[in-house]
1. Determine the pairs where a residue that is closer than 18 Å to Gln316 by Cβ, located within the range 282-294, has a partner that is in a loop (DSSP other than H, G, I, E, B) with Cβ atoms under 7 Å apart, the partner being 6 or more residues away or on another chain.
2. Select from the range 280-321 the residues that are crowded, with 18+ Cβ neighbours inside 10 Å, assigned to a helix (DSSP H, G or I) and not small (Gly, Ala, Ser) and list them in ascending order.
3. Mind listing just one residue for me: the one in the range 245-279 that is in contact (Cβ under 8 Å) with a residue 40 or more places away in the chain and more than 28 Å from Gly172 (Cα to Cα) and, of those, most open to solvent (accessible area, probe 1.4 Å)?
4. Determine which member of the set Pro212, Pro207 is crowded, with 17+ Cβ neighbours inside 10 Å and at pLDDT 90 or above.
5. Specify the residue that is least open to solvent (accessible area, probe 1.4 Å); the eligible residues are those in the range 108-121 that are over 16 Å from Ile193 (Cα atoms) and part of a helix (DSSP H, G or I).
6. When the residues of the range 27-69 are filtered to those that are among the basic types (Lys, Arg) and assigned to a helix (DSSP H, G or I), which remaining residue is most open to solvent (accessible area, probe 1.4 Å)?
7. With respect to the numbered conditions (1) open to solvent by less than 60 Å² (accessible area, probe 1.4 Å); (2) not in a helix (DSSP H, G or I), which one is the sole condition not fulfilled by Glu233?
8. Looking at Lys105, is it more than 21 Å from Asp190 (Cα to Cα), of a type in the set (Lys, Arg), outside any loop (DSSP other than H, G, I, E, B) and open to solvent by 50 Å² or more (accessible area, probe 1.4 Å)?
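The values are calculated or read from the model by the stated rules, or taken from the named source; none is laboratory data. Computed from a prediction, not measured in an experiment: that's the story for all the values here. Quick reminder, even Gly has a Cβ in these numbers, built from the backbone with ideal geometry, and neighbours come from all protein chains shown. Areas reflect the complete protein model, heavy atoms only, side chains present, ligands, DNA and RNA absent. Shrake-Rupley method; radii C 1.70, N 1.55, O 1.52, S 1.80 Å.
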Amino acid sequence: VGSAGDNCFSLLTTNPEILIAVDANKIQLHLIGLKKASIEALTYEENLDFLGFRSSEHRIDFYKRVRHLLDEETGYYWDKNFHLIEKGIIHQGKFEQYFQLFCNKILPWAHSKETTKMLLSIKSAKQQKQFYHQQWNTWRWRLLFKIFFGKYIMGKYGRSPEFLKEVEINVGPHIFKKAEMQLQSISVQDNFILHYNLLGNFDDRLPHYLQPENFKIIKLNIHKLQIRQGLAENIDNQFGKFDYMNLSNIFEYMDNETFENSAEKLIRLCSNRGKIAYWNLMVPRLISNTFPDKMNFLNELSLKLSAKDKGFFYNQFIIEQKK
């Protein structure tokens, strides 16, 4: 599943034969196309400047160098929306704007930027836990967090309300508990997602695909990435069976009937012993519960990877294998 493309680019470090990024949202695919062209045409340092990881006054020049690599529709879209590139494309998504609002307008009512930096600074496990409980976990922090990350505010500013239709739990307290586990752990210190959520930038805590050693491999394999619009389960059969699928958290947004129909089609697209990976956020979904004769839930591996997941807000990262 394409989404913003970051996971797709990361998967290129595995040297796949071919990698298909599929998404129903055309704008997401235009974003992936732009990032793909950027990786192909620009140097590592230029990518950091062009995409918005660092400030830059040269994005017009960079865009001119990648424009010829875009397909007609993608090029037309970015020509009309170049103002988004000028402001740093990685900051312009709805969810990114939601977190920008949080760190710039909401968080200052609970903690100063200096206190936030102290929370994220290098310290021992004992010191991290003490800092969280003694200085960070104030009544203002708890109140503001639970309101801002509640179902209503998230549906209005962060996610489409349609994406939350299947959610039945109390959203704010649920996400607070997930955040609390991460914030009092030393793993918060190198968590690029939390760093962005709390400070509004990445600094030197870069996503996997933009770490220098990974970028080199991705640039070599960028030609293996193909982009397709549509639903993952409806991808055409010209590619044969897939050995691996990364489905993001698409099942979160489906009712049970749609989930079962989609899962069945995806199983047919999966090769024997192939693996399917996806996230559960607030709506529990497990393909192997619905199709126990076709899929195995790799519980131990899923727990191990969930513990390492930088996306602390997810309930679980799930790996299942076709029998």
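1. Close Cβ pairs (under 7 Å, with a partner that is in a loop (DSSP other than H, G, I, E, B)) amount to Met282/Val167; Met282/Ile169; Met282/Asn315; Val283/Glu166; Val283/Val167.
2. Answer for the range 280-321, where residues must be crowded, with 18+ Cβ neighbours inside 10 Å, assigned to a helix (DSSP H, G or I) and not small (Gly, Ala, Ser): just Ile287.
3. Arg273
4. Residue meeting the stated conditions: Pro207.
5. Thr115
6. That would be Lys64.
7. Against the list (1) open to solvent by less than 60 Å² (accessible area, probe 1.4 Å); (2) not in a helix (DSSP H, G or I), Glu233 comes up short only on (2).
8. Here the answer is yes, as Lys105 does meet what is asked.
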